Amino acid sequence: MKKGDRITDPEACFYRRVYRKDKRYIDPRTGKFNSRAFTPRPKDKGFLSVDLKRLTNISLALNQDPAKFVLGTIVNRDVLALGIESIYDPKTLAEDGFDNKAHCLIGHIPIEDESIAGILARRAQKIEQE
Amino acid sequence: MSSLRNLYQFEASAFNPIFLEGSALSKNFVIAERMATNVYDGAISIKKPGELSAENEAIVRQIKAMRLLEDNWDEEGAQSIPPRVIESAIRWVHRADALDVTIYLASPGPNQEILLMVKEDDREIEIILYPDREIYLKFEGCTFVEQSDMKAVAFSDLLKWVAL
């Protein structure tokens with residue numbers, strides 16, 4: 001698999017790293033993610049940053065900081081059902097300043113369409129940490 | 001008890017007329033028929049007309065605390081929340097409270113926005129307030145129902161959808 005390839009396997013899984021401090025992106029009563037956890041950042045230009053599960057592990061995907069972050073799992077089937085794509089986008093120290101061979105992008109999510117973030121948040125499974 | 005008349009509104013969660021020995025109380029108090037979603041069964045809250053409910057007051061405090069969020073507050077590039085978005089969110093909480101609706105949660109977003117959610121069972125309304133637009137989305141469970149501009153619908157009609 002090379003950079004820019006589309007991931008077509010509907011069973012492929014992705015980790016989405018979500019900031020957990022003060023439960024700002026999490027419903028404190030149910031523990032589920034809210035839609036803001038799956039909203040691209042301004043720097044992301046309409047793409048959601050995720051890691052391909054089979055190329056990483058929980059510790060790496062958490063940036064080795066479980067006190068700050070929690071992981072959600074997204075299944076590619078749910079991504080494809082929304083009419084958007086998953087694209088392999090590995091990062092290298094030389095080009096990006098850090099290594100992440102599992103990095104992928106989900107998109108493109110139009111800025112005016114809030115439904116995608118809402119659906120992904122509701123379908124994502126949170127990985128509970130001890 | 002008569003001194004409280006017209007000063008306080010009585011909201012009884014899951015009102016049981018036998019438990020409250022109903023009719024005598026109802027002369028002096030308004031008994032709300034709707035159950036507050038974030039009050040435990042059997043809890044009773046008292047508020048003066050014009051005051052926010054305790055639950056919505058807590059939401060307003062959370063929103064005000066968002067003033068403290070600086071750029072990159074989520075360590076992933078989130079932007080700070082502009083004061084006008086915070087003020088708008090507080091106004092929407094007051095509007096909801098005036099309709100006797102409790103805001104289920106308030107969350108900052110990464111793009112200068114605030115999310116307010118109204119929830120009843122598996123029906124949820126997300127109100128997303130940006131500096132330049134205010135929109136709502138309806139969800140039923142995981143199913144997306146509708147997205148539109150807040151100006152496109154009367155707020156009271158929108159809120160009725162969660163209670164249906």
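The values are calculated or read from the model by the stated rules, or taken from the named source; none is laboratory data. Remember, it's a predicted structure, so these values are computed and weren't measured experimentally. Cβ atoms come from the backbone with ideal geometry, glycine included; neighbour counts cover every protein chain shown.
Restricting the first member to the range A:70-92 and to residues that are in contact (Cβ under 8 Å) with a residue 12 or more places away in the chain, and the second to residues that are of a type in the set (Phe, Trp, Tyr) and outside any strand (DSSP E or B), the beta-carbon pairs closer than 7 Å and six or more apart or on different chains are A:91/A:98. At least 1 residues being crowded, with 21+ Cβ neighbours inside 10 Å is the threshold, and among the strands (runs of 3 or more DSSP E) wholly inside the range B:76-164 those reaching it are B:105-108, B:114-120, B:123-129, B:134-140. Out of the residues in the range B:62-75 that are away from chain A (no Cβ under 13 Å) and assigned to a helix (DSSP H, G or I), which is nearest to residue A:29 (Cα to Cα)? The selected residue is B:64. Residue pairs, Cβ under 6 Å, 6 or more apart or interchain, first in the range B:136-157 and more than 12 Å from chain A (Cβ to nearest Cβ), second among the hydrophobic types (A, V, I, L, M, F, W, C) and outside any strand (DSSP E or B). List them. Close Cβ pairs (under 6 Å, with a partner that is among the hydrophobic types (A, V, I, L, M, F, W, C) and outside any strand (DSSP E or B)) amount to B:156/B:99.
One residue is enough: does the range A:12-24 have a residue meeting the conditions on the phi < 0 side of the Ramachandran plot, among the acidic types (Asp, Glu) and modelled with pLDDT under 95? No, that holds for no residue. Of everything listed in (1) in contact with a Leu (Cβ under 8 Å, 6 or more places away or on another chain); (2) part of a helix (DSSP H, G or I); (3) at the interface with another protein chain (Cβ under 8 Å from one of its Cβ atoms), the single unmet condition for residue A:17 is (2).
Got a sec? Which of A:54, A:6, A:77, A:41 is out of contact with any helix residue (DSSP H, G or I) (no Cβ under 8 Å at 6 or more places or on another chain) and modelled with pLDDT under 95? Going through A:54, A:6, A:77, A:41 in turn, just one is out of contact with any helix residue (DSSP H, G or I) (no Cβ under 8 Å at 6 or more places or on another chain) and modelled with pLDDT under 95: A:41.
Inside the range B:97-111, can you point out the residues that are away from chain A (no Cβ under 13 Å) and either without any contact (Cβ under 8 Å) to a residue 12 or more places away in the chain or within 18 Å of residue A:29 (Cβ to Cβ) (or both)? Across the range B:97-111, the qualifying residues are B:98, B:101. Residues in the range A:80-94: is at least one within 12 Å of chain B (Cβ to nearest Cβ) and at negative phi? Yes. Among the residues of the range A:30-56, those that are within 15 Å of residue A:126 (Cα to Cα) and more than 8 Å from every other protein chain (Cβ to nearest Cβ) comprise A:30, A:31, A:32, A:33, A:37, A:38, A:50, A:51, A:53.
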